[in-house]
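Visitor: Structure provided below as C-alpha coordinates; questions to follow.
The values are calculated or read from the model by the stated rules, or taken from the named source; none is laboratory data. Just so it is clear, the structure is predicted and the values come from calculations on it, not from any experiment. Note that we place each Cβ from the backbone using ideal geometry, even for glycine, and neighbour counts take in every protein chain shown. Surface accessibility is based on the protein's heavy atoms, side chains included, excluding ligands, DNA and RNA. Shrake-Rupley method; radii C 1.70, N 1.55, O 1.52, S 1.80 Å.
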Amino acid sequence: MGYVGLCTAATFASCGIPTIGIDIDENRIQQIRKGQAPIHEPQLDLMLKKAVKRNLLDATTDVSRVTDTRSSFLTVGTPSQPDGSIDLTFVKKATEELGTALQNKEDYHLVVVKSTVIPGTTNNTVKPVLEQSTGKIVGPSLGLCANPEFLKEGTAISDALHPDKIVIGSNDKKSAAQLTRLYREFYRSRLPPVITTTPETAELVKYASNAFLATKVSFINTIANISQHIPGVDVNQVAEAIGRDPRIGPLFLKAGPGYGGSCFHKDLQALINHSQLQGYDPLLLKATEKTNEEQADRVVELAEKLAGPLDQKRIAILGLAFKKDTDDIREASSIRVIDRLSKKGARLVGYDPMAMPNFERIFGDMIELTKDPLGALRGADCAIVMTEWDELRKLKAKDYIAQMRQPILVDARRIYNAPEFKELKFAAIGLGSVA
Ligand code: UDX
(Lines give C-alpha, C1' and ligand atoms only; values in the text may rest on other atoms or scores of the structure.)
Protein backbone atom coordinates (compact mmCIF):
# COMPACT_ATOMS: atom_id res chain seq x y z
CA MET A 1 0.00 0.00 0.00
CA GLY A 2 2.71 2.43 -1.00
CA TYR A 3 2.17 5.14 -3.57
CA VAL A 4 1.49 2.92 -6.56
CA GLY A 5 -0.37 0.19 -4.66
CA LEU A 6 -2.69 2.53 -2.84
CA CYS A 7 -3.54 4.63 -5.89
CA THR A 8 -4.08 1.50 -7.98
CA ALA A 9 -6.29 -0.08 -5.30
CA ALA A 10 -8.31 3.10 -4.81
CA THR A 11 -8.95 3.57 -8.51
CA PHE A 12 -9.88 -0.10 -9.08
CA ALA A 13 -12.32 0.05 -6.15
CA SER A 14 -13.75 3.38 -7.28
CA CYS A 15 -14.70 1.75 -10.60
CA GLY A 16 -16.67 -0.96 -8.82
CA ILE A 17 -14.02 -3.69 -8.72
CA PRO A 18 -13.81 -5.22 -5.21
CA THR A 19 -10.23 -4.71 -4.06
CA ILE A 20 -8.15 -5.69 -1.03
CA GLY A 21 -5.07 -3.66 -0.09
CA ILE A 22 -2.38 -5.60 1.74
CA ASP A 23 0.56 -4.18 3.66
CA ILE A 24 2.76 -5.17 6.61
CA ASP A 25 2.27 -1.74 8.23
CA GLU A 26 -0.64 -2.06 10.68
CA ASN A 27 -1.00 1.73 11.16
CA ARG A 28 -1.24 2.31 7.44
CA ILE A 29 -3.87 -0.42 7.10
CA GLN A 30 -5.93 1.04 9.93
CA GLN A 31 -5.84 4.45 8.28
CA ILE A 32 -6.92 3.03 4.91
CA ARG A 33 -9.74 1.08 6.56
CA LYS A 34 -11.00 4.39 7.91
CA GLY A 35 -10.88 5.82 4.42
CA GLN A 36 -7.96 8.11 5.21
CA ALA A 37 -5.06 8.44 2.79
CA PRO A 38 -1.70 7.85 4.49
CA ILE A 39 0.03 9.85 1.72
CA HIS A 40 -0.68 13.26 0.30
CA GLU A 41 -2.26 12.90 -3.13
CA PRO A 42 -5.07 15.04 -4.58
CA GLN A 43 -8.43 13.19 -4.91
CA LEU A 44 -7.14 10.11 -3.09
CA ASP A 45 -8.71 10.85 0.28
CA LEU A 46 -12.19 11.31 -1.15
CA MET A 47 -11.85 8.30 -3.41
CA LEU A 48 -10.75 6.08 -0.49
CA LYS A 49 -13.61 7.28 1.68
CA LYS A 50 -16.19 6.47 -0.98
CA ALA A 51 -14.66 3.08 -1.82
CA VAL A 52 -14.46 2.01 1.84
CA LYS A 53 -18.01 3.19 2.44
CA ARG A 54 -19.29 1.19 -0.55
CA ASN A 55 -17.39 -1.87 0.78
CA LEU A 56 -15.40 -2.04 -2.42
CA LEU A 57 -12.05 -1.50 -0.72
CA ASP A 58 -10.80 -3.46 2.24
CA ALA A 59 -7.31 -3.34 3.72
CA THR A 60 -5.48 -5.91 5.80
CA THR A 61 -2.10 -7.13 6.98
CA ASP A 62 -3.28 -10.69 6.42
CA VAL A 63 -1.74 -11.81 3.13
CA SER A 64 -3.83 -15.01 3.08
CA ARG A 65 -6.74 -12.78 1.97
CA VAL A 66 -5.28 -12.92 -1.56
CA THR A 67 -7.14 -16.20 -1.93
CA ASP A 68 -10.36 -14.12 -2.00
CA THR A 69 -9.15 -12.52 -5.23
CA ARG A 70 -8.38 -13.61 -8.78
CA SER A 71 -5.43 -11.29 -9.45
CA SER A 72 -2.72 -9.87 -7.16
CA PHE A 73 -0.55 -6.86 -7.93
CA LEU A 74 2.93 -6.67 -6.44
CA THR A 75 3.53 -2.97 -5.81
CA VAL A 76 6.33 -3.00 -3.26
CA GLY A 77 9.23 -0.54 -3.47
CA THR A 78 12.44 -1.28 -5.36
CA PRO A 79 14.99 1.03 -3.70
CA SER A 80 18.62 1.50 -4.73
CA GLN A 81 21.57 -0.27 -3.21
CA PRO A 82 24.68 1.86 -2.50
CA ASP A 83 26.11 1.03 -5.98
CA GLY A 84 22.88 2.16 -7.69
CA SER A 85 21.68 -1.35 -8.45
CA ILE A 86 18.12 -2.32 -7.62
CA ASP A 87 17.34 -3.86 -4.23
CA LEU A 88 14.89 -6.72 -4.72
CA THR A 89 14.52 -7.65 -1.04
CA PHE A 90 10.90 -6.44 -0.82
CA VAL A 91 9.95 -7.98 -4.17
CA LYS A 92 11.31 -11.37 -3.11
CA LYS A 93 9.74 -11.24 0.34
CA ALA A 94 6.32 -10.14 -0.93
CA THR A 95 6.40 -12.79 -3.68
CA GLU A 96 7.26 -15.48 -1.17
CA GLU A 97 4.46 -14.48 1.21
CA LEU A 98 2.01 -14.22 -1.66
CA GLY A 99 3.07 -17.60 -3.01
CA THR A 100 2.75 -19.28 0.38
CA ALA A 101 -0.76 -17.88 0.71
CA LEU A 102 -1.64 -19.24 -2.75
CA GLN A 103 -0.40 -22.78 -2.07
CA ASN A 104 -3.84 -24.25 -1.49
CA LYS A 105 -5.82 -22.10 -3.89
CA GLU A 106 -7.38 -24.31 -6.50
CA ASP A 107 -8.60 -21.74 -9.01
CA TYR A 108 -6.39 -19.93 -11.47
CA HIS A 109 -4.58 -16.95 -9.92
CA LEU A 110 -2.75 -14.17 -11.69
CA VAL A 111 0.26 -12.43 -10.16
CA VAL A 112 1.12 -9.04 -11.68
CA VAL A 113 4.47 -7.34 -11.11
CA LYS A 114 3.72 -3.61 -11.04
CA SER A 115 6.84 -2.59 -9.10
CA THR A 116 9.55 -1.05 -11.26
CA VAL A 117 11.99 -3.89 -11.82
CA ILE A 118 15.07 -4.36 -13.99
CA PRO A 119 14.42 -6.39 -17.19
CA GLY A 120 14.57 -10.07 -16.40
CA THR A 121 13.31 -9.75 -12.81
CA THR A 122 9.80 -11.12 -13.42
CA ASN A 123 11.10 -14.25 -15.12
CA ASN A 124 14.39 -14.75 -13.28
CA THR A 125 13.51 -13.66 -9.74
CA VAL A 126 9.74 -13.47 -9.21
CA LYS A 127 8.91 -16.62 -11.18
CA PRO A 128 11.25 -19.03 -9.32
CA VAL A 129 10.32 -17.58 -5.90
CA LEU A 130 6.62 -17.82 -6.80
CA GLU A 131 6.93 -21.39 -8.09
CA GLN A 132 8.83 -22.49 -5.02
CA SER A 133 6.50 -20.85 -2.53
CA THR A 134 3.26 -21.96 -4.25
CA GLY A 135 4.53 -25.41 -5.18
CA LYS A 136 3.00 -24.73 -8.62
CA ILE A 137 4.40 -24.06 -12.06
CA VAL A 138 3.68 -20.76 -13.78
CA GLY A 139 1.38 -21.65 -16.69
CA PRO A 140 -2.08 -23.21 -16.73
CA SER A 141 -2.99 -22.67 -13.05
CA LEU A 142 -0.76 -19.76 -12.10
CA GLY A 143 -0.38 -16.63 -14.22
CA LEU A 144 2.46 -14.12 -14.16
CA CYS A 145 2.67 -10.74 -15.91
CA ALA A 146 4.82 -7.63 -15.78
CA ASN A 147 2.66 -4.51 -15.94
CA PRO A 148 4.56 -1.28 -15.21
CA GLU A 149 2.90 1.80 -13.78
CA PHE A 150 3.52 5.32 -15.08
CA LEU A 151 1.62 7.54 -12.64
CA LYS A 152 3.12 10.82 -11.39
CA GLU A 153 2.93 12.16 -7.86
CA GLY A 154 0.42 14.97 -7.59
CA THR A 155 -1.66 13.66 -10.51
CA ALA A 156 -1.56 9.96 -9.60
CA ILE A 157 -5.32 9.45 -9.55
CA SER A 158 -6.05 11.15 -12.82
CA ASP A 159 -3.01 9.41 -14.38
CA ALA A 160 -4.35 6.04 -13.18
CA LEU A 161 -7.81 6.83 -14.57
CA HIS A 162 -6.54 8.12 -17.93
CA PRO A 163 -3.30 6.36 -18.88
CA ASP A 164 -1.95 6.80 -22.42
CA LYS A 165 -1.28 3.06 -22.68
CA ILE A 166 -1.23 -0.19 -20.75
CA VAL A 167 1.80 -2.40 -21.14
CA ILE A 168 1.36 -6.09 -20.40
CA GLY A 169 4.39 -8.36 -20.48
CA SER A 170 3.64 -12.05 -20.29
CA ASN A 171 4.99 -15.47 -21.28
CA ASP A 172 1.61 -16.92 -22.14
CA LYS A 173 -1.73 -15.84 -23.63
CA LYS A 174 -3.86 -16.86 -20.62
CA SER A 175 -2.29 -14.46 -18.11
CA ALA A 176 -2.25 -11.55 -20.59
CA ALA A 177 -5.91 -12.24 -21.43
CA GLN A 178 -6.98 -12.18 -17.76
CA LEU A 179 -5.17 -8.91 -17.13
CA THR A 180 -6.59 -7.35 -20.30
CA ARG A 181 -10.09 -8.44 -19.21
CA LEU A 182 -9.59 -6.79 -15.84
CA TYR A 183 -8.52 -3.53 -17.47
CA ARG A 184 -11.42 -3.73 -19.89
CA GLU A 185 -13.80 -4.02 -16.94
CA PHE A 186 -12.01 -1.10 -15.32
CA TYR A 187 -11.80 1.31 -18.27
CA ARG A 188 -14.75 0.09 -20.37
CA SER A 189 -15.05 2.32 -23.43
CA ARG A 190 -12.03 4.35 -22.31
CA LEU A 191 -9.63 1.41 -22.48
CA PRO A 192 -6.32 2.85 -23.74
CA PRO A 193 -4.15 0.97 -26.23
CA VAL A 194 -2.93 -2.27 -24.67
CA ILE A 195 0.61 -3.15 -25.73
CA THR A 196 1.35 -6.83 -25.21
CA THR A 197 5.01 -7.79 -24.94
CA THR A 198 7.41 -10.15 -23.25
CA PRO A 199 7.92 -9.48 -19.52
CA GLU A 200 11.42 -8.18 -20.24
CA THR A 201 10.18 -5.64 -22.80
CA ALA A 202 7.47 -4.43 -20.42
CA GLU A 203 10.04 -4.01 -17.68
CA LEU A 204 12.34 -2.04 -19.97
CA VAL A 205 9.50 0.21 -21.19
CA LYS A 206 9.25 1.66 -17.69
CA TYR A 207 12.99 2.41 -17.46
CA ALA A 208 13.11 3.74 -21.01
CA SER A 209 10.20 6.04 -20.24
CA ASN A 210 11.78 7.52 -17.13
CA ALA A 211 15.22 7.68 -18.76
CA PHE A 212 13.79 9.57 -21.72
CA LEU A 213 11.89 12.05 -19.55
CA ALA A 214 14.91 12.66 -17.32
CA THR A 215 17.07 13.14 -20.40
CA LYS A 216 14.57 15.66 -21.76
CA VAL A 217 14.90 17.65 -18.53
CA SER A 218 18.70 17.49 -18.57
CA PHE A 219 18.64 18.46 -22.24
CA ILE A 220 16.62 21.62 -21.67
CA ASN A 221 18.72 22.44 -18.61
CA THR A 222 21.78 22.20 -20.85
CA ILE A 223 20.20 24.62 -23.32
CA ALA A 224 19.27 26.85 -20.35
CA ASN A 225 22.88 26.92 -19.17
CA ILE A 226 24.02 27.84 -22.69
CA SER A 227 21.29 30.50 -22.93
CA GLN A 228 22.52 32.19 -19.77
CA HIS A 229 25.74 33.13 -21.52
CA ILE A 230 23.98 34.76 -24.47
CA PRO A 231 22.41 38.16 -23.68
CA GLY A 232 18.84 38.39 -24.91
CA VAL A 233 18.14 34.65 -24.97
CA ASP A 234 15.31 33.11 -22.96
CA VAL A 235 15.28 29.30 -22.74
CA ASN A 236 11.50 29.29 -22.22
CA GLN A 237 11.01 30.74 -25.68
CA VAL A 238 13.48 28.28 -27.13
CA ALA A 239 11.53 25.45 -25.43
CA GLU A 240 8.21 26.77 -26.66
CA ALA A 241 9.45 26.98 -30.23
CA ILE A 242 11.16 23.58 -30.37
CA GLY A 243 8.21 21.98 -28.54
CA ARG A 244 5.94 22.92 -31.46
CA ASP A 245 7.77 20.34 -33.54
CA PRO A 246 5.73 17.16 -33.02
CA ARG A 247 8.94 15.16 -33.14
CA ILE A 248 10.03 16.98 -29.96
CA GLY A 249 6.76 17.82 -28.16
CA PRO A 250 6.16 20.57 -25.58
CA LEU A 251 6.17 18.60 -22.30
CA PHE A 252 9.14 18.12 -19.98
CA LEU A 253 10.97 21.08 -21.47
CA LYS A 254 10.81 23.30 -18.41
CA ALA A 255 14.32 24.33 -17.41
CA GLY A 256 15.00 24.41 -13.70
CA PRO A 257 17.27 23.35 -10.86
CA GLY A 258 17.30 19.70 -11.93
CA TYR A 259 14.91 16.81 -11.52
CA GLY A 260 14.12 15.09 -8.23
CA GLY A 261 11.57 12.62 -6.92
CA SER A 262 11.60 8.98 -6.01
CA CYS A 263 11.96 7.59 -9.54
CA PHE A 264 14.20 9.37 -12.04
CA HIS A 265 17.53 9.16 -10.19
CA LYS A 266 16.83 5.70 -8.75
CA ASP A 267 15.71 4.24 -12.06
CA LEU A 268 18.50 5.80 -14.10
CA GLN A 269 21.09 4.50 -11.65
CA ALA A 270 19.53 1.03 -11.77
CA LEU A 271 19.49 1.03 -15.58
CA ILE A 272 23.05 2.33 -15.84
CA ASN A 273 24.25 -0.25 -13.32
CA HIS A 274 22.42 -3.09 -15.07
CA SER A 275 23.68 -2.04 -18.47
CA GLN A 276 27.28 -1.81 -17.28
CA LEU A 277 27.05 -5.27 -15.76
CA GLN A 278 26.01 -6.52 -19.21
CA GLY A 279 29.09 -4.88 -20.71
CA TYR A 280 27.56 -1.73 -22.23
CA ASP A 281 28.36 1.70 -20.84
CA PRO A 282 25.29 3.95 -21.45
CA LEU A 283 27.07 7.30 -21.85
CA LEU A 284 23.92 9.28 -22.60
CA LEU A 285 22.22 8.19 -19.38
CA LYS A 286 25.34 8.93 -17.36
CA ALA A 287 25.42 12.43 -18.89
CA THR A 288 21.74 12.93 -18.01
CA GLU A 289 22.50 12.16 -14.38
CA LYS A 290 25.71 14.21 -14.25
CA THR A 291 24.01 17.21 -15.85
CA ASN A 292 21.28 16.94 -13.23
CA GLU A 293 23.70 16.68 -10.33
CA GLU A 294 25.65 19.70 -11.61
CA GLN A 295 22.55 21.81 -12.19
CA ALA A 296 22.69 22.61 -8.46
CA ASP A 297 26.10 24.25 -9.09
CA ARG A 298 24.54 26.43 -11.82
CA VAL A 299 21.92 27.66 -9.30
CA VAL A 300 24.61 28.46 -6.71
CA GLU A 301 26.72 30.22 -9.39
CA LEU A 302 23.81 32.54 -10.14
CA ALA A 303 23.52 33.41 -6.45
CA GLU A 304 27.26 34.09 -6.24
CA LYS A 305 27.19 36.19 -9.37
CA LEU A 306 24.62 38.51 -7.81
CA ALA A 307 25.50 38.35 -4.12
CA GLY A 308 29.28 37.79 -4.20
CA PRO A 309 30.97 35.28 -1.86
CA LEU A 310 28.28 33.45 0.09
CA ASP A 311 30.21 32.85 3.31
CA GLN A 312 28.06 34.10 6.22
CA LYS A 313 25.38 35.40 3.81
CA ARG A 314 21.81 34.66 4.85
CA ILE A 315 20.13 32.81 1.99
CA ALA A 316 16.39 32.14 1.80
CA ILE A 317 15.40 28.89 0.08
CA LEU A 318 11.82 29.18 -1.16
CA GLY A 319 10.43 25.71 -1.83
CA LEU A 320 11.91 22.42 -0.65
CA ALA A 321 9.65 19.79 -2.27
CA PHE A 322 10.89 18.12 -5.47
CA LYS A 323 7.95 19.68 -7.33
CA LYS A 324 4.86 21.63 -6.35
CA ASP A 325 1.77 20.16 -4.67
CA THR A 326 3.64 17.43 -2.82
CA ASP A 327 5.35 17.08 0.55
CA ASP A 328 7.89 14.70 -0.99
CA ILE A 329 11.54 15.77 -0.73
CA ARG A 330 13.16 12.61 -2.04
CA GLU A 331 16.09 13.55 -4.32
CA ALA A 332 14.78 17.13 -4.39
CA SER A 333 17.13 19.63 -6.05
CA SER A 334 16.73 21.83 -2.95
CA ILE A 335 18.81 19.27 -1.02
CA ARG A 336 21.69 19.50 -3.51
CA VAL A 337 21.59 23.30 -3.55
CA ILE A 338 21.42 23.51 0.26
CA ASP A 339 24.34 21.11 0.54
CA ARG A 340 26.51 23.30 -1.72
CA LEU A 341 25.44 26.54 -0.04
CA SER A 342 26.23 25.26 3.43
CA LYS A 343 29.66 24.08 2.24
CA LYS A 344 30.25 27.68 1.17
CA GLY A 345 29.44 28.89 4.68
CA ALA A 346 26.02 30.40 3.90
CA ARG A 347 23.42 30.69 6.66
CA LEU A 348 20.24 29.09 5.41
CA VAL A 349 16.60 29.73 6.06
CA GLY A 350 13.85 27.88 4.23
CA TYR A 351 10.14 27.76 3.61
CA ASP A 352 7.81 25.27 1.92
CA PRO A 353 4.03 25.13 2.13
CA MET A 354 3.95 21.34 2.58
CA ALA A 355 7.36 19.72 2.81
CA MET A 356 8.77 21.34 5.94
CA PRO A 357 7.95 18.51 8.38
CA ASN A 358 9.70 16.01 6.10
CA PHE A 359 12.61 18.36 5.61
CA GLU A 360 13.00 19.12 9.28
CA ARG A 361 13.12 15.43 10.14
CA ILE A 362 16.09 14.75 7.88
CA PHE A 363 17.89 18.05 7.31
CA GLY A 364 16.68 20.11 10.28
CA ASP A 365 20.20 20.89 11.48
CA MET A 366 21.27 22.39 8.14
CA ILE A 367 18.58 25.00 7.80
CA GLU A 368 16.26 27.21 9.83
CA LEU A 369 12.61 26.92 8.75
CA THR A 370 9.95 29.64 8.89
CA LYS A 371 6.16 29.62 8.96
CA ASP A 372 5.72 31.75 5.85
CA PRO A 373 7.77 32.93 2.87
CA LEU A 374 8.08 36.48 4.18
CA GLY A 375 9.64 35.13 7.37
CA ALA A 376 12.29 33.39 5.27
CA LEU A 377 12.98 36.58 3.32
CA ARG A 378 13.35 38.75 6.42
CA GLY A 379 16.93 40.00 6.64
CA ALA A 380 18.11 37.69 3.83
CA ASP A 381 20.94 38.62 1.47
CA CYS A 382 19.66 36.44 -1.35
CA ALA A 383 16.55 34.37 -2.09
CA ILE A 384 16.43 31.29 -4.32
CA VAL A 385 13.13 29.88 -5.65
CA MET A 386 13.54 26.09 -5.71
CA THR A 387 9.94 24.85 -6.16
CA GLU A 388 7.23 26.30 -8.42
CA TRP A 389 4.56 26.69 -5.70
CA ASP A 390 1.57 28.89 -6.59
CA GLU A 391 1.96 30.62 -3.22
CA LEU A 392 5.45 31.78 -4.23
CA ARG A 393 4.28 32.93 -7.65
CA LYS A 394 2.03 35.42 -5.89
CA LEU A 395 4.94 37.24 -4.26
CA LYS A 396 5.70 40.60 -5.86
CA ALA A 397 8.98 42.50 -6.19
CA LYS A 398 7.86 44.80 -3.37
CA ASP A 399 7.50 41.82 -0.99
CA TYR A 400 11.12 40.90 -1.57
CA ILE A 401 12.29 44.51 -1.28
CA ALA A 402 10.36 45.08 1.95
CA GLN A 403 11.79 42.05 3.73
CA MET A 404 15.31 41.44 2.45
CA ARG A 405 18.56 42.99 3.64
CA GLN A 406 19.55 43.15 0.00
CA PRO A 407 16.95 42.37 -2.65
CA ILE A 408 18.69 39.64 -4.64
CA LEU A 409 16.59 36.92 -6.21
CA VAL A 410 17.49 33.77 -8.14
CA ASP A 411 14.48 32.23 -9.87
CA ALA A 412 15.59 28.63 -10.41
CA ARG A 413 12.07 27.60 -11.49
CA ARG A 414 11.20 30.45 -13.82
CA ILE A 415 8.03 31.37 -11.90
CA TYR A 416 8.43 35.13 -12.31
CA ASN A 417 8.22 37.53 -15.20
CA ALA A 418 11.68 39.13 -15.20
CA PRO A 419 10.63 42.69 -16.23
CA GLU A 420 8.46 42.90 -13.08
CA PHE A 421 11.54 42.32 -10.94
CA LYS A 422 13.67 45.10 -12.44
CA GLU A 423 14.09 46.82 -9.07
CA LEU A 424 15.78 43.71 -7.69
CA LYS A 425 19.07 42.14 -8.59
CA PHE A 426 17.41 39.28 -10.44
CA ALA A 427 18.66 36.19 -12.25
CA ALA A 428 16.80 33.20 -13.61
CA ILE A 429 17.80 29.83 -15.01
CA GLY A 430 18.09 30.06 -18.77
CA LEU A 431 17.65 33.82 -19.02
CA GLY A 432 20.59 35.41 -20.78
CA SER A 433 20.37 38.85 -19.21
CA VAL A 434 21.45 38.85 -15.61
CA ALA A 435 20.69 42.24 -14.08
C1 UDX B 1 7.98 10.39 -12.65
C2 UDX B 1 7.38 10.02 -14.02
O3 UDX B 1 6.86 11.20 -14.66
C4 UDX B 1 6.28 8.97 -13.86
O5 UDX B 1 5.79 8.57 -15.13
C6 UDX B 1 6.85 7.76 -13.12
O7 UDX B 1 5.85 6.78 -12.91
C8 UDX B 1 7.45 8.20 -11.80
O9 UDX B 1 8.44 9.22 -12.00
P10 UDX B 1 7.25 11.96 -10.60
O11 UDX B 1 8.52 11.51 -9.94
O12 UDX B 1 6.00 11.99 -9.82
O13 UDX B 1 6.95 11.02 -11.89
O14 UDX B 1 7.51 13.44 -11.12
P15 UDX B 1 7.54 14.24 -12.50
O16 UDX B 1 6.34 15.08 -12.60
O17 UDX B 1 7.85 13.36 -13.64
O18 UDX B 1 8.78 15.23 -12.25
C19 UDX B 1 10.09 14.72 -11.96
C20 UDX B 1 11.06 15.86 -11.74
O21 UDX B 1 11.37 16.50 -12.98
C22 UDX B 1 10.55 16.97 -10.81
O23 UDX B 1 11.57 17.37 -9.93
C24 UDX B 1 10.18 18.09 -11.76
O25 UDX B 1 10.27 19.34 -11.17
C26 UDX B 1 11.24 17.90 -12.84
N27 UDX B 1 10.84 18.45 -14.13
C28 UDX B 1 9.78 17.92 -14.82
C29 UDX B 1 11.52 19.54 -14.66
O30 UDX B 1 12.48 20.06 -14.05
N31 UDX B 1 11.13 20.03 -15.87
C32 UDX B 1 10.11 19.50 -16.58
O33 UDX B 1 9.82 20.01 -17.67
C34 UDX B 1 9.39 18.42 -16.03
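Visitor: With a probe of 1.4 Å, find how much accessible area segment 359-435 has per residue, and write the answer as a whole number in Å². Intermediate values should be presented prior to the final figure.
Guide: Numbers: 3630 Å² over 77 residues.
The answer is 47 Å² per residue.
Visitor: Nearest 10 degrees is fine. How inclined is helix 283-307 to the longest principal axis of the chain, computing both from alpha carbons?
Guide: The answer is roughly 30 degrees.
Visitor: Still on this model: Hey, rough spin-label estimate for ARG184 and THR61, points 7 angstrom out along Cα→Cβ, what's it come to in nanometres?
Guide: Going by the 7 Å Cα→Cβ label model, 4.0 nm.
Visitor: Moving on. Counting DSSP beta bridges with both partners in the chain, what percentage is antiparallel, nearest 5?
Guide: Close to 10 percent.
Visitor: A further question follows. Give LYS53/LYS114; LYS49/LYS396; LYS127/LYS290; LYS53/LYS127; LYS254/LYS371 a once-over and call out the pairs whose C-alpha atoms are over 31 Å from each other.
Guide: Working: LYS53/LYS114 26 Å; LYS49/LYS396 39 Å; LYS127/LYS290 35 Å; LYS53/LYS127 36 Å; LYS254/LYS371 28 Å.
As for pairs spanning more than 31 Å Cα to Cα, those are LYS49/LYS396; LYS127/LYS290; LYS53/LYS127.
Visitor: Given labels modelled 7 Å from the Cα in the Cβ direction, how far is it in nm from ARG54 to GLU420?
Guide: 4.2 nm
Visitor: Would you mind putting 354-366, 149-161 in packing order, based on average other-beta-carbon counts within 10 Å, highest first?
Guide: Per-residue mean Cβ counts within 10 Å order the peptides as 149-161, 354-366.
Visitor: If you stretched the chain out fully between LEU374 and PHE252, how much longer would it get, using 0.36 nm times the residue separation minus the C-alpha to C-alpha distance?
Guide: Numbers: separation 122, 0.36 × 122 = 43.92 nm, distance 3.04 nm.
Working it through step by step, the gained length comes to 40.9 nm.
Visitor: Given points 7 Å out from each Cα along the Cα-Cβ axis, report the CYS15 to ARG340 separation in nanometres with one decimal.
Guide: 4.3 nm
Visitor: State the Cα centre-to-centre distance between segment 336-365 and segment 371-402 in whole Å.
Guide: 15 Å
Visitor: What part of the accessible area of segment 64-152, given as a whole %, is carbon or sulfur when the probe is 1.4 angstrom?
Guide: On the way: 1860 of 3810 Å².
Percent of accessible area from carbon and sulfur atoms in segment 64-152: 49.
Visitor: Here's something else I'd like to know. What aspartates and glutamates could a cross-link reach from LYS425, if we take a straight Cα to Cα line under 13 Å and drop same-chain neighbours fewer than 8 places away?
Guide: Leaving aside aspartates and glutamates fewer than 8 places away in the same chain, those within reach of LYS425 are GLU304, ASP381, ASP411.
Visitor: By how many nm would the segment from ASP245 to LEU283 grow when fully extended, if each residue of separation counts as 0.36 nm and the alpha-carbon distance is taken off? Mind dumping the intermediate values first?
Guide: Details: separation 38, 0.36 × 38 = 13.68 nm, distance 2.61 nm.
Working it through step by step, the gained length comes to 11.1 nm.
Visitor: Counting C-alpha atoms alone, how compact is segment 304-435: give Rg to one decimal and Dmax as a whole number, in angstrom.
Guide: 13.4, 38
Visitor: Follow-up. Can you give the angle from 0 to 90° between the axis of helix 199-227 and the longest principal axis of the chain, with both taken from C-alpha atoms, to the nearest 10?
Guide: Once rounded, the angle reads 10 degrees.
Visitor: Taking the chain as the reference, fit the longest principal axis to its C-alpha atoms, fit the long axis of helix 44-53 to the helix C-alpha atoms, and give the angle between the two in degrees, 0 to 90, nearest 10.
Guide: Rounded to the nearest ten degrees, it is 30.
Visitor: Using Cα springs under 10 Å in a Gaussian network model of the chain, which residue among PRO42, PRO309, PRO82 shows the largest mean-square fluctuation?
Guide: So, out of PRO42, PRO309, PRO82, the one fluctuating most is PRO82.
Visitor: Relative to the present Cα-Cα distance, how much length would full extension add between THR155 and GLU293 at 0.36 nm per residue of separation?
Guide: Values: separation 138, 0.36 × 138 = 49.68 nm, distance 2.55 nm.
Answer, rounded to one decimal: 47.1 nm.
Visitor: Can you give me the relative contact order of the chain as a percent, contacts being Cα pairs under 8 Å and 6 or more apart? Walk me through the numbers before you get to the answer.
Guide: Details: 846 pairs, mean separation 51.8, N = 435.
Relative contact order, the chain: 12 percent.
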